[in-house]
Amino acid sequence: MKKKIWIPIAIIVFLAILFVPIPKSPYRDGGTKEYTALTYKIVNWNRYVGDTIYDKTKVYFFPNNFKTIDELWDSEKNNVEYSFKATVLEIYDSSVLVQPVDCSDMLSVRDKITFGTKDLEDIKVEVGSIVEIIYSGEIMESYPLQINAKSWKIADDVRCVSYTEQWLDKTTAKKCENDFFADIKITKIYSNCFFATTVVPFPYEIKINGTLSEEWCVGDQVLCTYENTYHDEETDRIEADLLTIKVSDFELEPNVVYKPVIYLYPERETDVSVNLTLNGELTCTYPAYENGWNVTASPDGTLTDAKGQTYNYLYWEGETNIKYDFSKGFCVKGEDTAEFLEIALKKLGLTRREANEFIVFWFPMMEQNPYNVISFQTDIYTDAAKLDIAPAPDTLIRVFMAWQKADAIVEIPEQELSAPERKGFTVVEWGGTEILK
């Protein structure tokens, strides 16, 4: 009887020896932890490598579980990814030559480095572009140095570099009051300035002179005070000197009609008047809506007002009491919204440029949601925001998206999307609104 009791106990002990990992003290390489069993080993890598940390958990089975940490690291170190920023010096058919703009333990700003681009994303670089490169493995000691690049992108945080180009000519630009813009979003950072766009979108490009501390990042929404403000009306560029900066808590209001923009594409240069009758109140227009818009439109969509100022489109926003129709539409995962919109907007008749401007505005508000319920409005919208255009367009395309956040998938009959064929004088409008449940 006693033998029968000890048999299962012995089996349990044997299995524990085989499969239960025993922890060891953390290593002094950054805090790597090791858990060892007879048949496998778990390593929580946390090792300093140059100016980066290799932080991954790996399982090593027999016979690799008997290797030391240093032996395992010899095979693991080729998986370490490093990054650096560099200026593009030369572009070839399937490779580029770059020079680092920031120092690391691995590279010097005096180095010249080449890598293949055949398997990398086409990011439309030019000579002089500053890019951020991620690579793995060892640097090949040739001239120039060679690396195995895994990915690259246009760098937006280049605070290791000074911006030295002339942004606008202050001798011809108009000096403005120092309240020209309010809440903005940082788009690029240099050591001596940063660039931004307005949160409520206007076609301005803003450069603010001054140094940002490390607490501020690209994408941050901020509110600044500033001085020496200049506006170049021809390019719609703004430049100012930074005084103070703080976090902005401004949010676009739900149920407000945001950024309807109107494009005009006549077959030949034409004087066009556009009148908007809104069932509600206009809250912002650009150019200013003074009993209508009167512009000269060119076939490429460029609009010119009586003062000679040019625009890409007519912009307005407003408050209404429209009750939107969600009887049909789409339920889309937040992360899939951009891809969905690309397909939907093409069906609705928008060009790639128009669709890109639509997505750039709306996608950042939608991508983090679990789901988005989307319905493109037709008569409900066009009856509440009537357009009177002279001369009358041959083709009129009006795309307006009502959407709301959803925490779970919502069953909704799918909406059919279509658009008229573009011909003759074509007018295109797009806009949208977020609806609270």
With springs connecting C-alpha atoms under 10 Å apart, model the chain as a Gaussian network and identify which of Tyr54, Tyr265, Tyr381 has the largest mean-square fluctuation.
-> Tyr54
Report, to the nearest whole %, how much of the accessible area of the chain belongs to carbon and sulfur atoms, 1.4 Å probe, protein only.
-> 50 percent
Pull up all non-local amide H partners of Phe115: gap of 5 or more, or a different chain, and H-to-H distance under 5 Å with H placed in the peptide plane.
-> Val96
In Å and from the alpha-carbon atoms only, list the Rg and Dmax of the chain.
-> 29.1, 106
Under-5 Å amide H pairs with Glu233, H placed in peptide plane, nonlocal only | Lys174
Per residue of segment 95-102, in order, report the coupling 6.51 cos²θ - 1.76 cosθ + 1.60 (Karplus, θ = phi - 60°) as ³J(HN,Hα) in whole Hz, putting x for Gly and Pro.
-> 7, 9, 10, 10, 9, x, 10, 10
Under a straight-distance cross-link criterion of Cα-Cα below 17 Å, which aspartates and glutamates are reachable from Lys246, leaving out those fewer than 8 residues away in the same chain?
-> Asp179, Asp183, Glu214, Glu215, Asp220, Glu227
Read phi for every residue in segment 235-242 and hand back ³J(HN,Hα) as whole Hz from Karplus 6.51 cos²θ - 1.76 cosθ + 1.60, θ = phi - 60°, with x for Gly and Pro.
-> 9, 6, 9, 10, 9, 8, 9, 6
Restricting to lysines and to Cα separations under 25 Å from Lys67, and discarding same-chain partners fewer than 8 apart, the set is Lys24, Lys33, Lys41, Lys56, Lys58, Lys77
Here, Thr304 and Cys331, labelled 7 Å along Cα→Cβ, have an inter-label distance in nm of 5.2 nm
By average Cβ neighbour count within 10 Å, what is the ranking of 288-295, 225-232 from highest down?
-> 225-232, 288-295
With a ≥ b ≥ c from the Cα gyration tensor eigenvalues, square-rooted, and the rule rounded for a/c under 1.5, otherwise prolate when a/b > b/c and oblate otherwise, segment 186-253 is oblate
With the other protein chains left in place, how much accessible area per residue, in square angstrom, belongs to the chain at a 1.4 angstrom probe?
-> 56 Å²
Result row for the chain, helices from DSSP H with C-alpha axial extent 24 Å or more and mean Kyte hydropathy at least 0.0, is 2-19
With every protein chain kept in place and a 1.4 Å probe, the residues Phe66, Phe340 fall, from largest accessible area down, as Phe66, Phe340
Relative to the Cα centre, what is the charge dipole magnitude of segment 35-181, using +1 at the beta carbon of each Lys and Arg, -1 at the beta carbon of each Asp and Glu, and rounding to the nearest 20 debye?
-> 260 debye
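Residue separation times 0.36 nm, minus the C-alpha to C-alpha distance between Glu414 and Glu90: what's the value?
111.7 nm
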Just the accessible area for Lys423, please: 1.4 Å probe, Å², rounded to the nearest 10?
-> 130 Å²
With label points built 7 Å along Cα→Cβ from the Cα atoms of Glu215 and Asn178, find their separation and express it in nm.
-> 2.1 nm
Within the chain, what percent of beta bridges assigned by DSSP are antiparallel, to the nearest 5?
-> 85 percent
Mind grabbing the accessible area of Val247 for me, 1.4 Å probe, Å², rounded to tens?
-> 100 Å²
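The values are calculated or read from the model by the stated rules, or taken from the named source; none is laboratory data. Keep in mind it's a predicted model, so treat the numbers as computed, not measured. Cβ sites come from the backbone with ideal geometry, for glycine too, and all protein chains shown count toward neighbours. Note: areas computed on protein heavy atoms with side chains; ligands, DNA, RNA excluded. Shrake-Rupley method; radii C 1.70, N 1.55, O 1.52, S 1.80 Å.
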